[in-house]
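The values are calculated or read from the model by the stated rules, or taken from the named source; none is laboratory data. Model, not experiment: these values are computed from the prediction. We place every Cβ from the backbone using ideal geometry, glycine too, and count neighbours over all the protein chains shown.
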Amino acid sequence: MLRKTLDIVLGRQAADYLLGAMPQFGGNQYQKIEREMIAKEAVVGATVLGQAPAGHTRQFFCLDNHTWIWNEQWIDTHGKQRSHQVQYDVRPDVILKRINGGSPLKLGDQELINFDQAVSRYYHEVATKVYGRSVVTA
Amino acid sequence: MPNTSPKLRPITPGGFSGSETSGHHAEVSPHIIELTPSSHEVFPNPTIELEHRRELGGGSLPLAVVGESFNETSSRQQAWVAAVAMRADHAAATAVTLRETAITDRLSEQGLRRAA
């Protein structure tokens, strides 16, 4: 009530100043910056998987605490845009991958080793190159 | 979906490989990529690299061992999957935390704070 009254009487900026409050932002701005940060991580993450074939655009990043995305786009020999998106869902007892939203497949054997190494390297590379933090290796 | 599945390729002792696909994505041919200088920068100290490899499990990941019973092998594989999942979650949680901190810092610089 006080806030509304001050907003009306003094205007929002003056009310902010008076109340010592920082203006708030909606979810859009947070999400916009979040997308920017993920895009930066995805560029560094792409290098974790090695050099992409010529003409390919590759991204590899963690979407949230349990989801990893590997996205790759290229133009095929017929000039058609092609892509695949692989989503890795990490669960306590299994890691599942879905290709272009298809059926989940269990990760195992060599591919599980590769995933393990890729995410561990991502952890170090992103911390260092995107966020300027050094991470301690146990 | 046999033979059409994109697969992450291994990091080999002499180089670092990218991805592989097979089947109808014939233009995505497997190839070995040498480690780039930037990759080495992360581990300038051989000891640190050794420690990192140890953290990753190095070459000692418990693949099926000759002579083990099925149950023993299965149990070891389950433990291995659980360990990989834990490391992946740790890596993701760290990245997400760093991301959130960076976003908050950016917004603070702009004089904004996140709505409660």
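Computed quantities for the displayed model
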quantity	calculated
Filtered residues of the range A:74-83 (kept if exposed (fewer than 14 other Cβ atoms within 10 Å of the Cβ) and outside any strand (DSSP E or B))	A:77, A:78, A:79, A:80
From A:89, A:76, A:109, residue being on the phi > 0 side of the Ramachandran plot and either within 16 Å of the chain's Cα centre (by Cα) or of a type outside the set (A, V, I, L, M, F, W, C) (or both)	A:109
Residue in the range A:18-27 that is exposed (fewer than 11 other Cβ atoms within 10 Å of the Cβ), closer than 22 Å to residue B:95 by Cβ and either facing another protein chain (nearest Cβ under 9 Å) or modelled with pLDDT under 95 (or both) present	yes
Out of A:86, A:119, sole residue that is part of a helix (DSSP H, G or I), at pLDDT below 95 and surrounded by 20 or more Cβ atoms within 10 Å (Cβ to Cβ)	A:119
Residue list for the range A:90-119, restricted to those being within 7 Å of chain B (Cβ to nearest Cβ) and among the polar types (S, T, N, Q)	A:110, A:114, A:117
Any hit, the range A:89-99, residues being out of contact with any helix residue (DSSP H, G or I) (no Cβ under 6 Å at 6 or more places or on another chain), over 19 Å from residue B:77 (Cα atoms) and either among the polar types (S, T, N, Q) or buried (at least 16 other Cβ atoms within 10 Å of the Cβ) (or both)	yes
For residue A:62: the one exception among (1) part of a strand (DSSP E or B); (2) free of Cβ contacts under 8 Å to residues at least 24 places away in the same chain	(2)
